[in-house]
1. Going by the structure shown, is Ala705 open to solvent by less than 50 Å² (accessible area, probe 1.4 Å), at pLDDT below 95 and under 28 Å from the mean Cα position of the chain (by Cα)?
2. Only residues that are open to solvent by 40 Å² or more (accessible area, probe 1.4 Å) and either of a type outside the set (A, V, I, L, M) or in contact with a Leu (Cβ under 8 Å, 6 or more places away or on another chain) (or both): list them for segment 566-607, please.
3. Search segment 74-128 for residues being among the charged types (D, E, K, R) and assigned to a strand (DSSP E or B), and hand back the single one that is farthest from Phe206 (Cα to Cα).
4. Between a residue in segment 700-718 that is under 15 Å from Gln592 (Cα atoms) and any residue that is of a type in the set (Val, Ile, Thr) and open to solvent by 50 Å² or more (accessible area, probe 1.4 Å), which pairs come within a Cβ distance under 6 Å, given they are 6 or more apart or on different chains?
5. Being of a type in the set (Val, Ile, Thr), assigned to a helix (DSSP H, G or I) and open to solvent by 20 Å² or more (accessible area, probe 1.4 Å) narrows it down to one of Ile254, Ile305, so name that one.
6. Only residues that are open to solvent by less than 30 Å² (accessible area, probe 1.4 Å), under 36 Å from the mean Cα position of the chain (by Cα) and among the polar types (S, T, N, Q): list them for segment 170-217, please.
7. Write out, first by first residue and then by second, each pair whose Cβ atoms fall under 8 Å of each other, whose residues are 6+ apart or on separate chains, and whose first residue, in segment 595-614, is under 19 Å from Ala651 (Cβ atoms) while the second is of a type in the set (Lys, Arg) and assigned to a loop (DSSP other than H, G, I, E, B).
8. Restricting to segment 182-213, and then to whatever is assigned to a loop (DSSP other than H, G, I, E, B) and touching a helix residue (DSSP H, G or I) at 6+ places or on another chain (Cβ under 8 Å), can you tell me which residue is nearest to Gly147 (Cα to Cα)?
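The values are calculated or read from the model by the stated rules, or taken from the named source; none is laboratory data. No experiment lies behind these values; they were computed from the predicted model shown. Using ideal geometry, Cβ is built from the backbone for each residue, glycine included, and neighbour counts are taken over all protein chains shown. Heavy atoms of the whole protein, side chains included, go into the accessibility calculation; ligands, DNA and RNA do not. Shrake-Rupley method; radii C 1.70, N 1.55, O 1.52, S 1.80 Å.
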Amino acid sequence: MDKFTSSYLRNTWIKFYEDRGHVNCGAVSLVSDGSTGVLFNVAGMQPLMPYLLGEKHPKGTRLCNVQGCVRTNDIDSVGDQNHVTFFEMMGSWSLGDYFKKERCQWSYELLTEVFGFDRDHLAATVFAGDENAPRDEEGARYREESGFKKENIFYLPAEDNWWGLEYGPCGPDSEMFFVKDVPDCGPDCKPGCHCGKYTEVGNDVFMQYEKHQDGHLTTLKQQNVDTGWGLERNLAFLNGTSDVYKIDIFAPVIDIIEKASGIKYESDDKSTKSMRIVADHIRTSVMLIGDEAKLLPSNTGAGYILRRLIRRAVRHARTLGIKTADLITIAENYIDVSYAESYPLLKKNRSFILDELKKEIARFESTLENGEKEFKKILNNAKAQSKTSIEGKEAFYLYDTFGFPLELTVELAEENGLSVDEDGFKKSMEEQKQLARENMSFSAKLSTDDNGVYDSIDASIVSEFIGYDCLKANEQIAVIVAGSDIVNEVSKDAEAVLITKKTPFYATMGGQLGDIGVIKTPDGEFEVTETVKLPGNRIGHVGKVTSGIIKTGDSASLEVCEINRAKTCRNHSATHLLQSALQEVLGEGVHQAGSSQDSERTRFDFSYGQAMSAEEIAKVEAIVNAKISEGLKVSTEVLSIDEAKKTGAQALFGEKYGETVRVVSMGDFSKEFCGGTHVSNTADIQSFKILSESGIAAGTRRIEAITGDNVLSYYANVENMLAEAAKTAKCSVSDLTDKIAKMQAEIKSLNSEIESLKSKAAKDALGNVENDIKDVKGVSLLATKVSGVDMNGLRDLGDQLKEKVSSGVVVIASDCDGKVNLIAMATDEAMNKGAHAGNLIKGIAALVGGGGGGRPNMAQAGGKNPAGIDACIAEAEKVLGDQIK
C-alpha cells in the first residue's frame with residue numbers, strides 16, 4: 001500500500017495476534033482507578049495488573065488490544081516531532097502462557113513479514129543485570145535465534161531495559177530498533193545514545209517479578225510477557241517520517257491550524273512548536289472529557305492535569321492568532337473524523353465534550369487577559385532594571401492574585417529571554433502556608449509542624465484502630481507529646497497528645513472527622529477534642545488534662561463519645577447514599593472530588609459542570625430518604641485491591657490505595673472503598689436534608705446536608721422563624737405568603753411614589769435653567785448643578801432636561817452625602833456633530849476627584865471633591881467645544 005493509516009495499523013495488529021490465538025480484550029478508561037498510584041492509565045498493561053499477578057482472566061491467557069494512554073511527565077517536551085501526551089499503545093500479553101522464545105519469534109515475524117523491515121536494519125537491546133536481577137542472556141539468545149544479528153544485540157542497564165510502575169509486576173525488557181544508514185556517532189554508538197541512528201519500534205517486557213510498596217522484589221508465580229508498540233511513532237516511521245504530527249490522525253488538524261493562523265507548518269520553529277502543542281493538547285483534552293470517566297477540569301489530581309492541557313493549548317493558540325471557534329473545530333475533527341471509527345464513545349459524548357471545552361476556554365481567557373497584563377508590567381520592570389529573571393515573589397503574586405499558573409509564567413519569561421526564580425516562588429508559597437499555620441488551632445498544627453518529635457519515637461510503637469465494633473478499651477499510655485517534646489507526664493490544663501498501641505478512637509481520615517471523648521487513668525482525666533493520624537502509623541489523641549496527672553505507662557480507659565460517633569456515622573453513611581443518588585439523577589460521570597463529615601453535617605464535593613436544578617436536588621434528596629426508609633443492611637469486607645475492584649466498588653479517582661482495602665456496601669445501592677465508620681443499617685440515619693448546592697470551582701459542585709436529629713432541629717428552627725415572621729407581619733403562619741405578597745406590592749407602590757417625589761424635588765431645586773443654555777459651535781449645552789440628588793435621580797433629571805435643549809448636550813453635577821455624582825447626555829443631532837458623552841465625562845471628572853466614562857449618548861462618573869463642581873461645570877463648555885467638528 002502507498003501509505004499506512006492508523007486504522008490499518010490497529011486492524012493489522014489485532015489480526016496478527018488473533019491469528020496466533022490471542023483474544024482482543026478491548027480498552028478501558030484513560031483515568032486510573034487509583035490502584036497503581038498514578039492518575040492515568042500510562043501503559044497498556046496497567047489495567048491487567050491483577051491478571052499479571054496470577055488471577056485468571058475471563059478471556060484466557062493470550063490477549064491483545066489497542067489501549068489509549070496518557071502521560072504528562074514530559075509535557076514540556078511536547079512541541080517536538082515525537083512527544084505526545086495521549087497515545088495509543090498496541091499491546092499483546094501472555095499471562096503465564098508462552099514466554100521469551102515465542103515472543104522473540106513473533107516480534108521478528110511482525111517486523112520482517114508484516115511491516116517489511118530487513119534483518120540488516122534491525123537491532124535489539126536486553127537487560128545487562130544489576131544487584132536486583134541477573135543479566136538476561138536468555139533474552140539475548142532468543143533474539144538471535146529469531147533472526148536478529150548477534151552484533152546488533154546490546155546489553156543495557158536498568159534505566160534502559162527494566163520496566164515497571166511504582167509497584168506491581170515488573171521485569172527486564174527487550175527493545176527493538178530500526179538502524180538507519182548513517183555513520184556511528186562514536187566507538188560506543190548503540191541504542192540509547194540518542195544520536196538518531198537507532199529508532200525504537202517496539203518493546204517486549206518479560207514480567208518475572210513483583211515490586212512491593214516497600215521496594216523489594218519477589219518472583220511472580222507465573223511468567224508473563226507484555227508487548228507494547230506505540231501506534232503514533234510507528235505509524236510515522238512506517239510512512240517514512242519521524243514527525244508524528246504528519247500521520248493521518250494529526251494531518252487534518254494541522255491543516256485547520258494552518259488555515260486559521262495563516263502560517264504554514266514547519267515555516268519556523270516557534271510557530272511549529274505551538275501548532276504541535278495545540279494539536280496534541282486539544283486531542284488529549286477531548287479524549288479525557290469524552291472518556292467513560294468524563295473527567296472535568298479542576299484544581300486537583302487528574303482534573304488539574306486536564307485544566308493545564310486546555311490552558312496551555314489556549315495560550316499557544318493565542319500566539320498563532322487562533323480563536324476559540326478554531327479550537328472547537330479542531331476538537332470536532334478528532335470526534336467526527338480522526339477517531340470516529342476507533343473511539344465511538346467520543347461521538348456519544350460529543351455535546352458534553354464541546355460544552356466543557358468551551359467553558360474552560362472562556363474561564364481561562366479571562367484569567368489570561370488579566371494575568372498577562374500584570375505579567376507585562378513585571379516583565380517591563382525587569383527589563384528596565386536589566387534583570388535576567390523574574391523574582392519568585394512576583395511569580396507568586398501572579399499565581400495568588402490572578403490564578404496565573406507558575407508554569408505559564410516560566411514559559412512567558414523564557415520566550416522573553418528571562419528565567420523565573422522558582423525557588424523564590426516556593427519560598428513565597430511556604431511563607432503563605434506558614435502564615436496559615438500560625439492561625440491554626442493546636443491540633444491542626446500537629447500534621448504540619450516539622451519538628452521531628454514523632455520521628456524520634458520508638459519505631460515499635462504503632463497504633464491499631466479497634467473501634468469499628470467497640471467504643472471503649474483499656475490500654476496503657478505509650479507516649480505523651482507536649483508541644484515539640486516527648487514528656488513523661490502532663491498535669492491539669494496542659495495541652496498534649498496521647499498515643500496508645502490500640503484505640504477505639506477513629507483518627508481524621510478520608511473526609512471523616514476524628515472522634516472525641518475522654519481518657520481516664522487512676523490519677524487523672526484527659527479530654528480528647530480531636531483524633532489525628534501521626535507519622536509512623538500512629539494515632540494521636542489530642543486534647544488537654546482536665547484533672548490530675550497523666551503519666552506514661554498509666555493504665556487508661558479510652559472512651560469514645562457515643563453520641564458524637566453516632567451522628568458522624570449517620571452523616572458518613574448518608575454521603576455514600578448521596579453519591580449513588582447523584583449518579584442516578586445526573587449520570588455516571590459524577591465522581592467524588594472531596595468530602596467532609598462530622599457530627600453536625602456532611603459536605604460532598606463532586607464533578608459536574610453546571611448548577612443542579614431545584615427539581616434535581618429534590619429528586620436526589622428523595623432517593624436518599626427512600627433508601628433510608630428501606631432499611632438497607634450496611635456490610636463491610638476487607639479485600640485485596642484486585643478483589644475489591646472486581647466487586648464493582650467505587651474508588652476515589654487519583655487516591656492511592658494499599659494492597660488491601662475496606663469495602664462498604666449498602667444493600668445493592670451503594671458499594672465503595674472506605675475506611676471510615678458507618679451505621680449498621682441505613683434506617684439508623686433516620687432522615688436526610690440537603691441544605692445547599694453550590695459551585696466551589698470550575699466543574700466542581702458542593703452539597704451540604706444534615707441527617708437524623710439535626711434534621712428535626714433544622715425544621716424546628718424553620719418553624720420558629722416562620723412563627724416570628726408571622727408575628728412581625730401580624731398574621732398567622734398560614735396567611736404569611738399572602739401577607740408578604742401584599743406588603744411587597746405596597747412597598748413597590750411607595751417606592752414609586754418616593755422616586756416621583758425625588759424627581760419633583762430635584763426639578764424644583766434646579767429651578768428655571770433655560771437661561772443657562774449656551775451655544776457651543778452650533779450645539780446647545782446645558783451644564784448645571786443640583787444638591788442631594790443620587791445617580792438614579794440625575795438620570796431622570798437628565799432625560800427631562802434633554803427635552804429642553806432638544807438638540808444638544810446636558811451635563812449635571814450633584815453634591816450628595818459629601819460625594820459627587822456626575823452625568824452627561826447627548827442627543828443624536830449633537831453626536832452627529834461630534835459630541836461624545838463618554839469622552840466629555842473623562843475630560844471633566846478629574847476636577848471633582850473622580851473618573852468615569854460611557855457611551856457616546858450617555859455617561860456617568862463619581863468623585864470625592866464637591867469643591868470642584870463649579871470648575872467641572874465650566875470645563876464642560878471647553879471640552880465640548882473641542883469635540884464639535
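1. No, not satisfied.
2. Answer for segment 566-607, where residues must be open to solvent by 40 Å² or more (accessible area, probe 1.4 Å) and either of a type outside the set (A, V, I, L, M) or in contact with a Leu (Cβ under 8 Å, 6 or more places away or on another chain) (or both): Lys567, Glu584, Glu588, Gln592, Ser596, Asp598, Glu600, Arg601, Arg603.
3. Asp80
4. Note: pairs meeting the criteria are Arg702/Ile696.
5. From the options Ile254, Ile305, the qualifying one is Ile305.
6. Asn203
7. Taking only residues 6 or more apart or on different chains, the pairs are Ser607/Lys294.
8. Pro191
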